[in-house]
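Report on one structure; see the data block that follows.
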Amino acid sequence: MPSETLPAPGTPLTLENIPALKNEVRALAEERGAVILAHNYQVPEVQDVADFVGDSLGLSRQAGATDSPVIAFCGVHFMAETASILCPDKKVLLPDLDAGCSLADSITADQLREWKAKHPGAVVVMYVNTTAEVKAETDYCCTSSNAVPVVEHIWREHGDDTEILFGPDMWLGAFVERTTGRRMHVWDGECHVHAGIRPADIARVREENPGAIVVMYVNTTAEVKAETDYCCTSSNA
């Protein structure tokens, strides 16, 4: 174990205490045979101490490929659940049990069952940002990077007239509809952070950073995407 004096829990990170904390984390990971996975959205200090950094699906695949018996997943609930589903023989730890996702919370398994009952025979496509209970009611689980190919595969394999229930992200659903030129039934859910971005925010950033290139996530409103230079998924940024 490292010999540095560690700051008390809740102490703000500083240039002086970060090295001791990093050493402590790495020592504990080695001692317990753990691999540390950090999502792209984590702060740099957490990413720096992780073994792998990526989007939720990419990290879950890393979890499945590792020989480590313990996975410390620095993300939110649904990410740790997905890793646990893909790695049933490993112990998956979530450092912050209060780390939730407003998008994943926007649809429940009961709500999905009711939606399916209104559209018998429809194929259900759910974004990976959902709970395990919702995934259990789903035909296809997609990411932002493969949502369009998944939907196109369904129409190709099941017929052009196949109804698709897509959720829970309404903005990703709208993106898929615009890209394919086809209509789906789209759930009215969103990430409150992505939905909170407005065209005025883009204008302000451009004014403060003349000549800057603005890159935006596909899971944002059409008005916001129209004001940016590039749109991308969390895996191809």
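If Thr14 satisfies all but one of (1) modelled with pLDDT of 90 or more; (2) hydroxyl-bearing (Ser, Thr, Tyr); (3) more than 19 Å from Ala104 (Cβ to Cβ), what's the number of the condition it fails?
It fails just one condition, (1).
Residue-wise test of (1) at pLDDT 95 or above; (2) assigned to a helix (DSSP H, G or I); (3) aliphatic (A, V, I, L, M); (4) in the same structural domain as Cys142 (by TED's automatic domain parsing).
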position	(1), (2), (3), (4)
Met1	no, no, yes, no
Pro7	no, no, no, no
Leu37	yes, no, yes, no
Ser60	no, yes, no, no
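Scan segment 34-59 for residues that are under 19 Å from Val70 (Cα atoms) and in contact with a strand residue (DSSP E or B) (Cβ under 6 Å, 6 or more places away or on another chain) and jot them down.
Ala34, Val35, Ile36, Leu37, Ala38, Val46, Gln47, Ala50, Asp51, Phe52, Val53, Leu59
Could you count how many residues in segment 91-130 are more than 24 Å from Ser60 (Cα to Cα) and outside any helix (DSSP H, G or I)?
Total meeting the criteria: 5.
Among the numbered conditions (1) over 26 Å from Arg61 (Cα atoms); (2) buried (at least 20 other Cβ atoms within 10 Å of the Cβ); (3) free of Cβ contacts under 8 Å to residues at least 24 places away in the same chain, tell me where Ile164 comes up short.
Here Ile164 clears every test but (3).
In the set His158, His185, which member is over 23 Å from the mean Cα position of the chain (by Cα) and surrounded by 12 or more Cβ atoms within 10 Å (Cβ to Cβ)?
Values: His185 fails: over 23 Å from the mean Cα position of the chain (by Cα).
Only one candidate qualifies: His158.
For segment 104-121: of the residues being touching a helix residue (DSSP H, G or I) at 6+ places or on another chain (Cβ under 8 Å) and either among the charged types (D, E, K, R) or buried (at least 19 other Cβ atoms within 10 Å of the Cβ) (or both), which is farthest from Phe52 (Cα to Cα)? Give the derivation first.
Residues of segment 104-121 that are touching a helix residue (DSSP H, G or I) at 6+ places or on another chain (Cβ under 8 Å), as a first pass: 104, 107-109, 112.
Okay, now just the ones that are also either among the charged types (D, E, K, R) or buried (at least 19 other Cβ atoms within 10 Å of the Cβ) (or both), so 104, 107, 112.
Details: Ala104: 23, Ile107: 29, Leu112: 33 Å.
For segment 104-121, the residue satisfying everything is Leu112.
Out of everything in segment 123-153 that is farther than 12 Å from Trp187 by Cβ and in contact (Cβ under 8 Å) with a residue 60 or more places away in the chain, what residue ends up being surrounded by the most Cβ atoms within 10 Å (Cβ to Cβ)?
Looking at the filtered set, the residue picked out is Ser144.
Only one of (1) surrounded by fewer than 16 Cβ atoms within 10 Å (Cβ to Cβ); (2) assigned by TED's automatic domain parsing to the domain that holds Glu45; (3) modelled with pLDDT under 95 fails for Val70. Which number is that?
(3)
Just a yes or no: is a residue in segment 199-220 among the hydrophobic types (A, V, I, L, M, F, W, C), out of contact with any Cys (no Cβ under 6 Å at 6 or more places or on another chain) and under 29 Å from Thr108 (Cβ atoms)?
no
May I ask you to verify whether Val46 is surrounded by 13 or more Cβ atoms within 10 Å (Cβ to Cβ), in contact with a Cys (Cβ under 8 Å, 6 or more places away or on another chain), more than 19 Å from Ser84 (Cβ to Cβ) and assigned by TED's automatic domain parsing to the domain that holds Asp89? Talk me through it step by step, then tell me what you get.
Working: surrounded by 13 or more Cβ atoms within 10 Å (Cβ to Cβ): yes; in contact with a Cys (Cβ under 8 Å, 6 or more places away or on another chain): yes; more than 19 Å from Ser84 (Cβ to Cβ): yes; assigned by TED's automatic domain parsing to the domain that holds Asp89: yes.
When the stated conditions are applied, Val46 passes them.
Just to confirm my filter: which helices (runs of 4 or more DSSP H) fall fully inside segment 151-237 and include at least 1 residues that are polar (S, T, N, Q)? Before you say what the answer is, go through the steps one by one.
On the way: elements: 170-180, 192-195, 199-208, 222-225.
Hits in segment 151-237: 170-180.
The values are calculated or read from the model by the stated rules, or taken from the named source; none is laboratory data. Because the structure is predicted, anything quoted here is derived from the model rather than measured. Cβ sites come from the backbone with ideal geometry, for glycine too, and all protein chains shown count toward neighbours.
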